Amino acid sequence: MSNESLKAKLDAYNAEYAKQVAKHPERVGLKHKNLYTPLDLDGFDYEKDLGFPGEYPYTRGVQPTMYRGRLWTMRMYAGFSTAEESNKRYKYLIANGGTGLSVAFDLPTQIGYDSDDKMSAGEVGKVGVAIDSLYDMERLFDGIDLGKVSTSMTINAPASILLAMYIAVAEKQGVPASALRGTIQNDILKEYAARGTYIFPVKPSMRLITDIFEYCSANVPKWNTISISGYHIREAGSTAAQEVAFTIADGIAYIEAALKAGMKIDEFAPRLSFFWNAHNNVLEEVAKFRASRRIWARILKERFHAENPKSMKLRFHTQTAGSMLTAQQPNNNIIRVALQTAAAVMGGTQSLHTNSRDEALALPTTESVTIALRTQQIVAYESGLADVVDPLGGSYYVEAMTNAIEEEVMQYIKKIDEMGGAVEAIDKGYIQKEIQDSAYAWQMAVESGEKTIVGVNKFTMEEPPVTGLLKIDASVGERKKAQLAKDKENRDQAKVAEELAKLEKAAQTPAEGPDHVNLMPVILDCVRAYCTEGEICGVLRKVFGEYKPHNTL
């Protein structure tokens with residue numbers, strides 16, 4: 001059928017559709033067309049826009065076989081209380097089919113304070129595990145062979161320190177750094193824009209990141225040196241297109257910083273990875289994942305002239321949407337997570353964490369985290385979604401939505417480029433305001449009833465109080481402080497002072513140029529001497545200062 005004939009038939013269909021809508025109005029809040037046809041793919045070029053899985057532009061996936069040979073890594077995010085308690089949860093997850101670990105750190109660890117610091121009062125072990133020194137990292141991975149697991153660590157400002165601790169634990173196990181597999185989040189720009197666990201100003205933060213790129217490319221080649229994170233941007237309220245746009249803009253900024261520091265694009269780009277949110281609109285999310293791969297491939301090839309195909313492959317971890325979990329009727333969250341899991345799998349994720357039903361109320365219990373893991377396993381082994389590569393490829397709607405998201409993303413990136421890049425856009429408050437406006441629009445739609453949230457603004461019911469939630473012992477902070485005091489007594493204090501002095505001297509060198517000193521080996525020596533994270537960050541705070549947020553909008 002020609003396009004003219006199809007258009008005539010579509011016009012007739014839409015005329016009849018309009019009559020039906022007059023009798024039975026559509027639901028409010030629908031933002032897409034009622035029907036998609038080949039007319040929505042005008043100019044569509046299979047080879048240019050899709051290609052085959054494992055081939056440029058990677059719209060259909062970064063591997064030819066995707067899950068037919070090897071499933072995604074089932075990486076459950078966990079960490080609470082002390083290293084010993086989290087170690088038990090990790091061993092439980094591995095025993096029950098988890099194929100990777102993902103470490104959640106407590107707030108003091110995320111912002112560079114030890115458990116005995118006054119700034120840590122009331123927060124030790126609450127939202128993740130407390131890690132003060134190499135002693136804690138040894139306890140965290142006790143009995144877990146780091147040569148056999150892949151570990152992701154959600155850590156940003158002090159990422160170099162936690163990575164150094166991980167490398168040092170592996171050394172003690174006899175596992176060389178060259179064999180380690182995993183990821184550090186290490187994405188400071190999104191902290192300034194959307195999350196807030198920053199420490200240092202922008203320039204020294206970017207120096208730490210590029211030092212990690214350089215060190216790992218030579219010494220830890222299997223490690224993903226950054227997980228450029230759209231997840232927290234989406235959690236803060238962005239749309240799907242904004243999540244991709246602002247995250248890729250951050251990725252461009254990291255590439256430019258590394259190139260300025262003297263690195264070659266194909267030296268570090270293959271180990272860049274991304275972290276996406278799996279939200280509620282299943283098909284839009286699939287389109288978002290597909291669009292993000294194509295956009296990144298084109299930017300790396302056309303803008304940065306990468307030649308290594310691995311540099312152009314957007315590999316990503318996914319986590320289901322924490323912001324979509326509800327405290328009301330928490331069992332409904334099991335269904336939400338299952339749908340988000342399906343979206344991530346159909347969209348071609350490389351690893352996945354599924355949230356637990358009770359996380360709107362507390363850290364997950366063992367029972368709820370088991371259900372979350374089983375959700376991944378049922379999708380993997382029973383649903384059939386993992387049996388076909390890019391199962392929704394060719395769908396008129398999904399392809400049209402993929403194109404639409406790409407177009408909107410590129411408009412945002414063009415605007416950010418005109419502002420001078422992501423750092424300038426964040427400094428001016430542009431990205432923050434865009435996210436805030438989207439979050440406000442979402443909340444207004446929920447409050448008006450335009451958007452239905454089951455159990456919240458519709459289908460509500462009287463509920464008894466939720467019982468059996470995981471509670472963190474209020475004494476964990478005092479116990480951790482006592483443990484830290486003993487750990488400090490067991491180390492060589494002179495060696496600690498010596499290594500911290502070396503770090504201060506190295507941090508004072510220029511961020512680039514012939515006199516630059518890469519801080520990763522120096523931090524690693526501090527870690528081996530059992531310097532605490534707070535002591536190391538204290539030295540860096542002294543040299544670099546601290547970031548003070550501001551914007552001009």
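Can you pull out the residues in the stretch 171-194 that are open to solvent by 10 Å² or more (accessible area, probe 1.4 Å), over 15 Å from Asn219 (Cβ atoms) and among the charged types (D, E, K, R)?
Lys172
Might you check whether a residue that is buried (at least 17 other Cβ atoms within 10 Å of the Cβ), closer than 27 Å to Pro391 by Cβ and β-branched (Val, Ile, Thr) occurs anywhere in the stretch 265-273?
Checking the stretch 265-273: not a single residue is buried (at least 17 other Cβ atoms within 10 Å of the Cβ), closer than 27 Å to Pro391 by Cβ and β-branched (Val, Ile, Thr).
Tyr192 fails exactly one of the following numbered conditions: (1) part of a helix (DSSP H, G or I); (2) of a type in the set (Ser, Thr, Tyr); (3) closer than 12 Å to Arg271 by Cα. What is the number of that condition?
(3)
Would you check if Met410 is in a helix (DSSP H, G or I), without any contact (Cβ under 8 Å) to a residue 40 or more places away in the chain, open to solvent by 50 Å² or more (accessible area, probe 1.4 Å) and of a type in the set (A, V, I, L, M, F, W, C)? Steps first, answer last, please.
Values: in a helix (DSSP H, G or I): yes; without any contact (Cβ under 8 Å) to a residue 40 or more places away in the chain: no; open to solvent by 50 Å² or more (accessible area, probe 1.4 Å): yes; of a type in the set (A, V, I, L, M, F, W, C): yes.
So Met410 fails the test.
Among the candidates Ser238, Ser227, single out the residue that is assigned to a loop (DSSP other than H, G, I, E, B) and either crowded, with 22+ Cβ neighbours inside 10 Å or over 18 Å from the mean Cα position of the chain (by Cα) (or both).
Sole residue among the options that is assigned to a loop (DSSP other than H, G, I, E, B) and either crowded, with 22+ Cβ neighbours inside 10 Å or over 18 Å from the mean Cα position of the chain (by Cα) (or both): Ser238.
Given the condition crowded, with 21+ Cβ neighbours inside 10 Å, among the polar types (S, T, N, Q) and assigned to a helix (DSSP H, G or I), answer yes or no: does some residue in the stretch 195-207 qualify?
yes
Would you pick out the residues in the stretch 341-350 that are in contact with a strand residue (DSSP E or B) (Cβ under 7 Å, 6 or more places away or on another chain) and open to solvent by less than 10 Å² (accessible area, probe 1.4 Å)?
Scanning the stretch 341-350 gives Thr341, Ala343, Ala344, Thr349.
Go through (1) exposed (fewer than 13 other Cβ atoms within 10 Å of the Cβ); (2) in contact with a Lys or Arg (Cβ under 6 Å, 6 or more places away or on another chain) for Ala511 and report which single condition fails.
Result: Ala511 passes all but (1).
Quick check on the stretch 439-458. Is at least one of its residues loosely packed, with under 13 Cβ neighbours inside 10 Å, of a type in the set (Lys, Arg) and farther than 25 Å from Gly128 by Cβ?
Among the residues of the stretch 439-458, at least one is loosely packed, with under 13 Cβ neighbours inside 10 Å, of a type in the set (Lys, Arg) and farther than 25 Å from Gly128 by Cβ, which makes the answer yes.
Step by step: first the residues of the stretch 529-553, then only those that are at pLDDT below 95 and polar (S, T, N, Q), then the one that is least open to solvent (accessible area, probe 1.4 Å). Which residue is that?
If we take residues in the stretch 529-553 being at pLDDT below 95 and polar (S, T, N, Q), then Asn551 is least open to solvent (accessible area, probe 1.4 Å).
Consider only pairs whose beta carbons are under 6 Å apart and that are at least six residues apart or on different chains; among these, list those whose first residue lies in the stretch 254-283 and is part of a loop (DSSP other than H, G, I, E, B) and whose second residue is open to solvent by 50 Å² or more (accessible area, probe 1.4 Å).
Within 6 Å, the pairs are Ala261/Glu512.
Condition check ((1) modelled with pLDDT under 95; (2) farther than 20 Å from Met401 by Cα; (3) open to solvent by less than 90 Å² (accessible area, probe 1.4 Å)) across all residues:
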| site | (1), (2), (3) |
| --- | --- |
| Lys23 | yes, yes, no |
| Glu26 | yes, yes, yes |
| Pro38 | yes, no, yes |
| Asp42 | yes, no, no |
| Asp45 | yes, no, yes |
| Pro53 | no, no, yes |
| Tyr56 | no, no, yes |
| Arg60 | no, no, yes |
| Gln63 | no, yes, yes |
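In this structure, does Val282 turn out to be aliphatic (A, V, I, L, M) and crowded, with 24+ Cβ neighbours inside 10 Å?
No: the conditions fail for Val282.
Answer yes if at least one residue in the stretch 10-29 is more than 30 Å from Pro309 (Cα to Cα) and touching a Ser or Thr at 6+ places or on another chain (Cβ under 7 Å), and no otherwise. Reasoning before the result, please.
First pass over the stretch 10-29, keeping only residues more than 30 Å from Pro309 (Cα to Cα): 10-29.
Filter again for touching a Ser or Thr at 6+ places or on another chain (Cβ under 7 Å), leaving 10.
Yes: the stretch 10-29 contains one or more residues that are more than 30 Å from Pro309 (Cα to Cα) and touching a Ser or Thr at 6+ places or on another chain (Cβ under 7 Å).
Quick grid of which residues meet (1) part of a helix (DSSP H, G or I); (2) of a type in the set (S, T, N, Q); (3) in contact with a Phe, Trp or Tyr (Cβ under 9 Å, 6 or more places away or on another chain):
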site: Ala18; (1), (2), (3): yes, no, no
site: Ala22; (1), (2), (3): yes, no, no
site: Val28; (1), (2), (3): no, no, no
site: Lys31; (1), (2), (3): no, no, no
site: Leu35; (1), (2), (3): no, no, yes
site: Lys48; (1), (2), (3): yes, no, no
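Which number in (1) closer than 24 Å to Met74 by Cβ; (2) part of a helix (DSSP H, G or I); (3) open to solvent by less than 20 Å² (accessible area, probe 1.4 Å); (4) touching a Ser or Thr at 6+ places or on another chain (Cβ under 6 Å) marks the one condition that Ala338 misses?
Only one criterion is unmet by Ala338, namely (3).
Just checking: which of the helices (runs of 4 or more DSSP H) contained wholly in the stretch 420-528 hold 3 or more residues that are modelled with pLDDT of 95 or more and over 30 Å from Glu359 (Cα atoms)?
Hits in the stretch 420-528: 422-427, 476-489, 493-507, 519-528.
Show the residue pairs meeting these rules: Cβ distance below 9 Å; 6+ apart or different chains; first residue within the stretch 458-487 and more than 22 Å from Val369 (Cα to Cα); second residue of a type in the set (Gly, Ala, Ser) and outside any loop (DSSP other than H, G, I, E, B).
Between residues of the stretch 458-487 that are more than 22 Å from Val369 (Cα to Cα) and residues that are of a type in the set (Gly, Ala, Ser) and outside any loop (DSSP other than H, G, I, E, B), the close pairs are Gly477/Ser120; Lys480/Ser120; Lys481/Ser120.
Evaluate the stretch 362-373: report whether one residue or more is surrounded by fewer than 20 Cβ atoms within 10 Å (Cβ to Cβ), part of a loop (DSSP other than H, G, I, E, B) and not basic (Lys, Arg).
yes
Search the stretch 299-317 for residues being open to solvent by less than 50 Å² (accessible area, probe 1.4 Å) and charged (D, E, K, R), and hand back the single one that is farthest from Thr59 (Cα to Cα).
So the residue we want is Arg315.
The values are calculated or read from the model by the stated rules, or taken from the named source; none is laboratory data. Keep in mind that what you see is a predicted model, and the values were worked out from it rather than measured. For neighbour counting, all protein chains shown are included, and Cβ atoms are generated from backbone atoms with ideal geometry for every residue, glycine included. To get the accessible areas, we keep the full protein, side chains included, count just its heavy atoms, and leave off ligands, DNA and RNA. Shrake-Rupley method; radii C 1.70, N 1.55, O 1.52, S 1.80 Å.
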